[in-house]
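> This structure is in structure tokens; I'll ask about it shortly.
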Amino acid sequence: MKKLLFPLLFLTFTFISCDSLSKLTQFEKEFSTSITIPVATTVVNTPITISSPEIKTDITKYLTDNKIDSSLVEKISLKKLQMTINIPDTVTFKFLSFVEISIYTPDSSMVSKIASLTNVQANKTIELKVDNADLKKFILNDAFKLSFKITTNQTIYSDYVVGVKPTILIDANVLEN
């Protein structure tokens with residue numbers, strides 16, 4: 001039994017160390033933008049599409065600050081995406097029945113669905129269900145845009161300004177020479 005204890009402990013520490021090391025090569029970065037849902041476009045149960053302004057990534061500076069060469073980035077994925085109603089400040093998302101968000105390059109040459117939510121709760125802030133898309137080709141560019149496909153279940157009577165905060169997870173291989 002004692003002969004098995006050392007190899008078992010060695011394997012346990014090896015796996016724990018690899019997992020811990022893997023987490024050390026992952027970095028989070030949060031972006032922020034806002035969209036306006038115009039009152040004139042919201043027809044109940046009719047999908048509308050709204051685009052965000054261009055979002056600058058500043059990814060080169062971020063990677064340099066974290067001492068990572070962009071060639072070492074293995075994968076960039078969306079960790080979470082939150083939306084918050086900023087104006088008017090007394091309303092919730094009860095007007096919204098569905099939202100789907102896609103990311104695309106400013107020249108629209110690449111597009112990928114990244115998050116969605118059905119059965120939206122009547123809260124001031126919601127968190128969408130994220131897809132497992134690799135966003136490396138979008139985030140390593142200078143900028144990206146988000147496209148929102150939304151469906152309302154009731155009429156809104158003023159423009160709604162919604163803050164959007166995507167948080168990405170950068171997975172890099174920092175041990176490569």
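> Would it be correct to say that Ile55 is in contact (Cβ under 8 Å) with a residue 40 or more places away in the chain and crowded, with 18+ Cβ neighbours inside 10 Å?
It is true that Ile55 is in contact (Cβ under 8 Å) with a residue 40 or more places away in the chain and crowded, with 18+ Cβ neighbours inside 10 Å.
> On to the next question. Can you tell me which residue among Ile126, Ile156 is at pLDDT below 90, within 18 Å of Ile50 (Cβ to Cβ) and not in a helix (DSSP H, G or I)?
Exactly one of Ile126, Ile156 is at pLDDT below 90, within 18 Å of Ile50 (Cβ to Cβ) and not in a helix (DSSP H, G or I), namely Ile156.
> Only one of these conditions is not met by Gln82: (1) over 19 Å from Ser32 (Cβ atoms); (2) within 17 Å of the chain's Cα centre (by Cα). Which number is it?
Checking Gln82 against (1) over 19 Å from Ser32 (Cβ atoms); (2) within 17 Å of the chain's Cα centre (by Cα), the one that fails is (1).
> Which of the residues that make up segment 129-153 are part of a strand (DSSP E or B) and either modelled with pLDDT under 90 or surrounded by 14 or more Cβ atoms within 10 Å (Cβ to Cβ) (or both)?
Val130, Ala143, Phe144, Lys145, Leu146, Ser147, Phe148, Lys149, Ile150, Thr151, Thr152
> Being under 29 Å from Gln26 (Cβ atoms) and over 17 Å from the mean Cα position of the chain (by Cα) is true for just one of Asp89, Asp107, Asp65. Which residue is that?
Only one candidate qualifies: Asp65.
> Taking the condition of being touching a helix residue (DSSP H, G or I) at 6+ places or on another chain (Cβ under 6 Å), part of a strand (DSSP E or B) and not aliphatic (A, V, I, L, M), how many residues in segment 159-177 meet it?
So the answer is 0.
> How many residues does segment 110-123 hold that are loosely packed, with under 14 Cβ neighbours inside 10 Å and over 16 Å from the mean Cα position of the chain (by Cα)?
Looking only at that region, the number is 6.
> I've got another one for you. Are there any pairs with C-beta distances below 8 angstrom linking a residue in segment 29-41 that is under 30 Å from Ala172 (Cβ atoms) to a residue that is among the polar types (S, T, N, Q), with the two at least 6 apart or on different chains, and if so which?
If the second residue must be among the polar types (S, T, N, Q), the pairs left are Lys29/Thr167; Glu30/Thr167; Phe31/Thr57; Phe31/Thr167; Thr33/Ser52; Ser34/Ser52; Ser34/Asn86.
> State the number of residues belonging to segment 26-83 that are of a type in the set (Gly, Ala, Ser) and at pLDDT below 85.
The number of residues fulfilling the criteria is 3.
The values are calculated or read from the model by the stated rules, or taken from the named source; none is laboratory data. Quick caveat: nothing in here was measured; it's all calculated off a predicted structure. Counting neighbours? That spans all protein chains shown, and the Cβs are built from the backbone with ideal geometry, glycine included.
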